[in-house]
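> Just passing along the structure, written as structure tokens.
Just so you know, all these numbers are worked out from the coordinates, no wet-lab data involved. Bear in mind the structure is a predicted one, so any value in this text is a computation, not a measurement. Backbone-built Cβ (ideal geometry, glycine too); neighbour counts: all protein chains shown.
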């Protein structure tokens with residue numbers, strides 16, 4: 001069973017969301033569309049974002065049995081009033097179920113994370129209607145994963161057995177990051193690394209049950225490469241960094257990462273750091289910076305044993321999804 005835990009969808013039609021810069025879709029043809037933020041072009045997309053038949057054909061071509069299908073983060077609406085964000089979440093979550101009618105497409109919902117009570121309620125509604133888990137952004141404004149409201153939501157996820165996929169979003173801009181796709185090439189890895197630090201140093205993993213199933217996108221960003229620096233700081237500047245109960249390496253079995261790193265050397269570092277049980281196939285399908293063919297890095301990685309390869313391609317994801 002080959003399971004891709006990191007894919008996204010965009011429904012083809014949704015109502016006017018009600019504010020000037022709200023995401024909207026300009027449909028250019030049966031197969032092409034553009035996500036707009038107000039009048040500004042955000043991303044060109046194709047029908048593999050919304051057409052399940054096209055998505056399944058692409059999966060068959062790549063030898064993928066199952067996709068976890070998560071929202072595209074631009075629709076999270078965390079910056080909006082919570083009442084608006086829950087309305088948006090309901091629209092997109094219900095449309096996701098239409099896209100994911102096939103048992104091979106496993107929907108993850110979005111929630112209004114800026115309001116933990118509404119977020120928990122929307123998660124419960126979605127789990128009851130057919131969603132298998134939830135995707136969240138790695139921060140809500142200046143509030144990171146150790147924010148009390150986010151911790152409350154993660155505790156609820158653990159209590160109801162919902163897996164959580166953490167995706168970077170809303171990266172900082174400016175002259176140095178607004179060229180060369182630097183927000184994606186530098187900002188996304190840094191955002192994810194920062195949130196893993198918040199998860200550990202914010203004491204979140206000391207407070208949430210060990211049953212919480214948590215996965216970070218994009219290989220956990222730059223975290224694996226800099227774990228040694230993180231560990232060194234925890235020991236040598238414990239007065240500033242030693243706020244978690246244990247050193248950072250103690251928590252490596254408490255979360256997973258996906259495999260979207262594109263280079264065998266990077267994948268080897270991930271497996272060496274997280275263990276062969278802590279890495280899952282992810283592709284970022286269907287976006288241009290995703291892996292294609294899906295799973296090619298894991299399949300060709302010469303350092304993996306057959307047992308480890310099977311875990312990365314699907315066994316770990318089966319456990320993450322609670323199947």
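> Could you tell me whether any residue of region 211-224 is surrounded by fewer than 16 Cβ atoms within 10 Å (Cβ to Cβ) and farther than 19 Å from residue 190 by Cα?
The first filter runs over region 211-224 and keeps only residues surrounded by fewer than 16 Cβ atoms within 10 Å (Cβ to Cβ), leaving 211.
Still in the list and also farther than 19 Å from residue 190 by Cα: 211.
Yes.
> Kindly indicate the residue of region 14-47 that is within 23 Å of the chain's Cα centre (by Cα) and assigned to a loop (DSSP other than H, G, I, E, B) and also farthest from residue 306 (Cα to Cα) among those meeting that condition.
Among residues in region 14-47 that are within 23 Å of the chain's Cα centre (by Cα) and assigned to a loop (DSSP other than H, G, I, E, B), the one farthest from residue 306 (Cα to Cα) is 22.
> Conditions: (1) more than 24 Å from residue 270 (Cα to Cα); (2) part of a loop (DSSP other than H, G, I, E, B); (3) under 18 Å from the mean Cα position of the chain (by Cα). Residue 169 meets all but one. Number of the miss?
It fails just one condition, (1).
> Also, quick follow-up: When the residues of region 61-88 are narrowed to those that are touching a strand residue (DSSP E or B) at 6+ places or on another chain (Cβ under 7 Å) and part of a helix (DSSP H, G or I), which ends up surrounded by the fewest Cβ atoms within 10 Å (Cβ to Cβ)?
Filtering region 61-88 for residues touching a strand residue (DSSP E or B) at 6+ places or on another chain (Cβ under 7 Å) gives 64-76, 78.
Within this subset, residues satisfying the condition of being part of a helix (DSSP H, G or I) are 73-75.
Details: 73: 18, 74: 15, 75: 21.
Result: 74.
> Here's another thing I want to ask about it. Within the group 92, 108, which residue is surrounded by 24 or more Cβ atoms within 10 Å (Cβ to Cβ) and touching a strand residue (DSSP E or B) at 6+ places or on another chain (Cβ under 9 Å)? If you could, list the steps in order and put the result at the bottom.
On the way: 92 fails: surrounded by 24 or more Cβ atoms within 10 Å (Cβ to Cβ).
So the residue among 92, 108 that is surrounded by 24 or more Cβ atoms within 10 Å (Cβ to Cβ) and touching a strand residue (DSSP E or B) at 6+ places or on another chain (Cβ under 9 Å) is 108.
Results for (1) in contact (Cβ under 8 Å) with a residue 12 or more places away in the chain; (2) surrounded by 15 or more Cβ atoms within 10 Å (Cβ to Cβ); (3) assigned to a loop (DSSP other than H, G, I, E, B), shown as yes or no for each residue.
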position: 228; (1), (2), (3): no, no, no
position: 234; (1), (2), (3): yes, yes, no
position: 251; (1), (2), (3): yes, yes, no
position: 265; (1), (2), (3): no, no, no
position: 276; (1), (2), (3): yes, yes, yes
position: 282; (1), (2), (3): yes, yes, yes
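> Same structure, new question: In this structure, does residue 186 turn out to be assigned to a strand (DSSP E or B) and without any contact (Cβ under 8 Å) to a residue 40 or more places away in the chain? Before the answer, list the steps.
Working: assigned to a strand (DSSP E or B): no; without any contact (Cβ under 8 Å) to a residue 40 or more places away in the chain: yes.
Taking the combined requirement at face value, the residue does not satisfy it.
> Which members of region 284-294 meet the condition of being surrounded by 19 or more Cβ atoms within 10 Å (Cβ to Cβ) and touching a helix residue (DSSP H, G or I) at 6+ places or on another chain (Cβ under 6 Å)?
286, 294
> If you don't mind, another one. Filter region 121-166 down to residues that are more than 16 Å from residue 192 (Cα to Cα) and assigned to a loop (DSSP other than H, G, I, E, B) and give me whichever is farthest from the chain's Cα centre (by Cα).
130
> Next question, about the same structure. Mind checking whether some residue in region 33-55 is surrounded by fewer than 15 Cβ atoms within 10 Å (Cβ to Cβ) and within 25 Å of residue 312 (Cα to Cα)?
For region 33-55, residues surrounded by fewer than 15 Cβ atoms within 10 Å (Cβ to Cβ) and within 25 Å of residue 312 (Cα to Cα): absent.
> Provide a single number: the residues in region 127-161 that are in contact with a helix residue (DSSP H, G or I) (Cβ under 6 Å, 6 or more places away or on another chain) and closer than 17 Å to residue 109 by Cα. So that I can check it myself, show each step before the final result.
First, pick out the residues of region 127-161 that are in contact with a helix residue (DSSP H, G or I) (Cβ under 6 Å, 6 or more places away or on another chain): 130, 134, 137-138, 144-146, 149, 151-153, 156.
Okay, now just the ones that are also closer than 17 Å to residue 109 by Cα, so 130, 134, 137-138, 153, 156.
The qualifying residues number 6.
> How many of the residues making up region 300-323 are closer than 25 Å to residue 57 by Cβ and surrounded by fewer than 16 Cβ atoms within 10 Å (Cβ to Cβ)?
So the answer is 3.
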